[in-house]
1. Please work out which residue is farthest from the chain's Cα centre (by Cα), limiting yourself to region 1-17 and to residues that are surrounded by 13 or more Cβ atoms within 10 Å (Cβ to Cβ) and touching a residue at least 24 places away in the same chain (Cβ under 8 Å).
2. Going by the structure shown, is Val55 in contact (Cβ under 8 Å) with a residue 24 or more places away in the chain and of a type outside the set (Lys, Arg)?
3. I need the full set of residues from region 32-46 which are open to solvent by 20 Å² or more (accessible area, probe 1.4 Å) and of a type in the set (A, V, I, L, M, F, W, C), in order please.
4. Can you name every residue in region 18-49 that is more than 13 Å from the chain's Cα centre (by Cα) and part of a helix (DSSP H, G or I)?
5. From (1) over 17 Å from Ile78 (Cβ atoms); (2) surrounded by 15 or more Cβ atoms within 10 Å (Cβ to Cβ), pick out the condition that doesn't hold for Asp28.
6. If you check Glu67, Glu79, Glu35, which single one turns out to be touching a strand residue (DSSP E or B) at 6+ places or on another chain (Cβ under 9 Å) and of a type in the set (Asp, Glu)?
7. Among the residues of region 61-73, which ones are in a helix (DSSP H, G or I) and surrounded by fewer than 15 Cβ atoms within 10 Å (Cβ to Cβ)?
Amino acid sequence: MTENQQMFQQVNQILTKIRPYLQQDGGDIELIKVEAGIVYVKMLGACQGCSLFDVTLYDGIERALVENIPGVIGVVPIEEERKWKNTDWL
């Protein structure tokens, strides 16, 4: 098992503990990948566009991961690609 695979499993374990708190407010989190100490996640449901997004992601999730998993240095949110039509703003 590679170092990234081990870190991925450790991150997933921490996120499994955090997930119920997000879900009780209608949100969720999906682990996309771990690469070079950076954890890439997608925030789902009510977490998308939430006014407390930054607090949840950086003061909550990132802090828990950095403090509990050696080698994790940060979290990067991945946003879903938006497909806009030219007339959507009209």
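1. Ranking the candidates gives Asn4 first.
2. No; evaluated as a whole, the condition is false for this residue.
3. Within region 32-46, Ile32, Ala36, Ile38, Leu44, Ala46 meet the criteria.
4. Pro20, Tyr21, Gln23, listed by residue number.
5. Going through (1) over 17 Å from Ile78 (Cβ atoms); (2) surrounded by 15 or more Cβ atoms within 10 Å (Cβ to Cβ) one by one, Asp28 breaks only (1).
6. When all the criteria are applied, what remains is Glu79.
7. Arg63, Glu67, Asn68, listed by residue number.
The values are calculated or read from the model by the stated rules, or taken from the named source; none is laboratory data. Owing to the predicted nature of the structure, the values given are computational and were not obtained by experimental measurement. Every residue, glycine as well, gets a Cβ built from its backbone with ideal geometry; the counts of neighbours run over all protein chains shown. Just the protein is used for accessible areas: all its heavy atoms, side chains included, with ligands, DNA and RNA removed. Shrake-Rupley method; radii C 1.70, N 1.55, O 1.52, S 1.80 Å.
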